[in-house]
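Chemist: Please read through the structure below; I'll follow up with questions.
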Amino acid sequence: WIALGEVGGFSGMDMGLEAQNTALTNWLPPDLMFGISLWVFAFFLGGLGVAGQPQVVSRVMTLGSDRDRKQAMIWFFVWQTPFIVLMLIIGLVSRVLFTASDFDAELGLPEMAMTTMPAIGVGMILASIFAATMSTADSQVLACTAAITDDIKPEWNQDHKTTKQVTLVVAAFATRISIDGHYIHGKY
């Protein structure tokens, strides 16, 4: 809401987008070959993609009953729908605020926070980004550990010490990949 205030609300955002490109304000751009159907299909596939992520699947598998799964699904959509709408608004406001051709769109949220919010707000936004990243990384490490100790070497899955060592090796390997990736030059 702070960023929306910076651009003059929804009408200011609309005018800023219109000034850049009139197609940015059309709900259905005129040159869409298949209309909105491909967008709806992509949205559906994106939802299926979330359900196939190991960190999500492992959480669903630990639920006790079908009733718990249905309740988790309701909670997912109760939170996911406004989240998508807010992220869309943040993306559009970023497009208005940051018009430089070399602006990295992936940095829209932190740049917008640093530009429009007081220090405590910036800290909260950055902490939420890091928390989400660490939560996903942690779940991925645990899913890899489970794949090794349950599927590749099932005799290890009851040995707590070995499972802990596998987890540390997987975490170290993931950390090494991250560090090496940071130093690879060129396009990602």
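The values are calculated or read from the model by the stated rules, or taken from the named source; none is laboratory data. Remember, predicted model here, so these are calculated numbers, not experimental data. All Cβ positions, glycine included, derive from the backbone under ideal geometry; neighbour counts span all protein chains shown. What goes into the accessible areas is simple: the full protein's heavy atoms, side chains included, and nothing from ligands, DNA or RNA. Shrake-Rupley method; radii C 1.70, N 1.55, O 1.52, S 1.80 Å.
Chemist: So for region 7-142, taking the charge dipole from beta-carbon charges (+1 Lys/Arg, -1 Asp/Glu), which of 107, 28, 81 sits furthest toward the positive end?
Modeler: Of the candidates, 81 comes out farthest on the positive side.
Chemist: Less than 20 Å apart at the alpha-carbon level, and either on another chain or at least 8 residues along: which aspartates and glutamates does that give for residue 161?
Modeler: Residue 161 reaches 138, 150, 151.
Chemist: Full extension from residue 32 to residue 180: what is 0.36 nm times the residue separation minus their Cα-Cα distance, to one decimal in nm? Please report the intermediate quantities before stating the final value.
Modeler: On the way: separation 148, 0.36 × 148 = 53.28 nm, distance 4.09 nm.
Fully extending the segment from residue 32 to residue 180 adds 49.2 nm.
Chemist: So, for region 10-95, what is the accessible surface per residue at a probe of 1.4 Å, expressed in square angstrom?
Modeler: Numbers: 6780 Å² over 86 residues.
Computed with neighbouring chains in place, this is 79 Å² per residue.
Chemist: For residue 151, tell me the accessible area in Å² from a 1.4 Å probe, rounded to the nearest 10.
Modeler: Surface open to solvent at residue 151 totals about 120 Å².
Chemist: Counting only protein heavy atoms and a 1.4 Å probe, tell me what percentage of the chain's accessible area is made up of carbon and sulfur.
Modeler: Details: 9860 of 14330 Å².
Of the solvent-accessible surface of the chain, carbon and sulfur hold 69 percent.
Chemist: With contacts defined as alpha carbon pairs under 8 Å and 6 or more residues apart, what's the relative contact order of the chain in percent? Mind dumping the intermediate values first?
Modeler: Working: 83 pairs, mean separation 38.2, N = 188.
Relative contact order for the chain comes out at 20 percent.
Chemist: Would you calculate the volume per residue, in Å³, of the smallest convex hull containing every Cα atom of region 39-112?
Modeler: Details: hull volume 9.2 nm³, N = 74.
Spread over its residues, the Cα hull of region 39-112 gives 125 Å³ apiece.
Chemist: Something else now. With θ set to phi - 60°, apply the Karplus curve 6.51 cos²θ - 1.76 cosθ + 1.60 along region 61-78 and write out the HN-Hα couplings as whole Hz, x wherever there is a Gly or Pro.
Modeler: Along region 61-78, the couplings run 5, 7, 5, x, 9, 5, 4, 5, 5, 5, 5, 4, 5, 4, 4, 4, 6, 5 Hz.
Chemist: Across 5 Å bins from 0, what is the distribution of all Cα-Cα pair distances for the chain, in whole percents?
Modeler: 1, 6, 9, 12, 14, 14, 15, 12, 8, 4, 3, 1, 0
Chemist: Same structure, new question: Between residue 63 and residue 45, what length in nm is gained on full extension when 0.36 nm per residue of separation is reduced by their alpha carbon distance?
Modeler: Working: separation 18, 0.36 × 18 = 6.48 nm, distance 2.39 nm.
Additional length available on full extension: 4.1 nm.
Chemist: Please sort by residue number the chymotrypsin sites (Phe, Trp or Tyr not before Pro) in region 1-84 whose DSSP state is loop and whose Cβ has at most 16 other Cβ atoms within 10 Å.
Modeler: On the way: sites: 1, 10, 27, 34, 39, 41, 43, 44, 75, 76, 77, 79, 83; in loops: 1, 27, 34.
In loop regions of region 1-84 (DSSP not H, G, I, E or B), the sparsely surrounded chymotrypsin sites (Phe, Trp or Tyr not before Pro) are 1, 27, 34.
Chemist: Using a probe radius of 1.4 Å on heavy atoms only, what accessible surface per residue do you get for region 113-188? Whole Å² is fine. Let's see the in-between values first.
Modeler: Details: 5860 Å² over 76 residues.
About 77 Å² of surface per residue is accessible.
Chemist: Under unit Cβ charges (Lys, Arg +1; Asp, Glu -1), what dipole magnitude, rounded to 20 debye, does the chain have relative to its Cα centre?
Modeler: Working: 10 positive and 16 negative charges, 107 e Å.
With only Lys, Arg, Asp and Glu charged at Cβ, the dipole is about 520 debye.
Chemist: With just the Cα atoms defining each centre, how far is region 118-188 from region 22-69? Give it in Å.
Modeler: So the two Cα centres are separated by 25 Å.
Chemist: Probe 1.4 Å, all protein chains in place: accessible area of residue 107 in Å², nearest 10?
Modeler: Per-residue accessible area (residue 107): approximately 80 Å².
Chemist: At 1.4 Å probe size, put 101, 37 in order of accessible surface, largest to smallest.
Modeler: Working: 101 125, 37 65 Å².
In descending accessible area the options line up as 101, 37.
Chemist: Something else: Ignoring ligands and nucleic acids, what accessible area does residue 159 show with a 1.4 Å probe (Å², nearest 10)?
Modeler: 70
Chemist: Once the Cα gyration tensor of region 96-136 is diagonalised, what are the square roots of 5 times its eigenvalues, in whole Å and ordered largest first, as equivalent ellipsoid semi-axes?
Modeler: On the way: eigenvalues 84, 41, 5 Å².
After scaling each eigenvalue by five and taking roots: 21, 14, 5 Å.
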